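A.B. asks: My structure is below; once you've seen it, I'll send some questions.
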Amino acid sequence: MIFKFEARIYFNVIMIKYTPAYLKKLEDFLKENNYEVRYEKGNFKSNYCLLETKRLVMVNKFSPLESRINALTEIINFLKEQHLLVSDKDQLFLTEENA
């Protein structure tokens with residue numbers, strides 16, 4: 001019997017700073033990895049929509065700052081599972097946040 005285990009990085013385990021500066025860092029991280037981040041109105045069940053083929057992330061513009069940050073961290077976790085390429089600078093940022 002073979003068991004497959006996957007390593008996952010969860011941002012919610014650490015203390016997240018719910019500030020506009022942290023939101024900007026998450027947006028920049030996605031933009032550097034060729035994902036466009038847009039804030040639009042819509043009926044998203046999880047406050048966001050991810051279009052992988054178009055490399056587009058849409059977040060509900062009426063959601064509060066905390067929900068926006070949580071949505072972007074969920075998207076980053078999902079994309080990391082899909083082997084999203086990460087630059088050295090961003091890898092250092094992620095390891096500092098997880099320490």
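Just so it is clear, none of the values below were taken in a lab; they were calculated from the coordinates. Predicted, not measured: the structure shown is a model, and the values here were computed from it. Here Cβ is always computed from backbone atoms with ideal geometry, including for glycine, and neighbour counts include all displayed protein chains.
A.B. asks: Tell me, what HN-Hα J-couplings in whole Hz come from the Karplus equation 6.51 cos²θ - 1.76 cosθ + 1.60 at θ = phi - 60° for each residue of the stretch 63-77, using x for Gly and Pro?
C.D. replies: Calculated HN-Hα couplings, in order: 7, x, 4, 4, 5, 5, 5, 4, 5, 5, 5, 4, 5, 4, 4 Hz.
A.B. asks: Moving on to the next point. Under 5 Å between amide H atoms, partner at least 5 residues away or on a different chain: which partners does residue 36 have, H built in plane at 1.01 Å?
C.D. replies: Close amide H contacts, sequence-distant or interchain: 56, 57.
A.B. asks: Right, something else. Excluding residue 56 itself, what net charge comes from residues whose Cβ is under 9 Å from its Cβ, given Lys and Arg +1 and Asp and Glu -1?
C.D. replies: Numbers: positive: 38, 54, 55; negative: 36, 52.
Result for the local shell: +1.
A.B. asks: How would you rank 34-47, 57-70, 17-30, highest first, on the average number of other Cβ atoms within 10 Å across their residues? Walk me through the intermediate numbers first.
C.D. replies: On the way: 34-47: 12.5, 57-70: 16.9, 17-30: 14.6.
Most protected by this proxy first, the peptides run 57-70, 17-30, 34-47.
A.B. asks: In a shell of Cβ-Cβ distance under 12 Å around residue 47, excluding residue 47 itself, what net charge do Lys and Arg (+1) and Asp and Glu (-1) give?
C.D. replies: Working: positive: 41, 45, 61, 68; negative: 40, 66, 74.
Net local charge, residue 47 excluded: +1.
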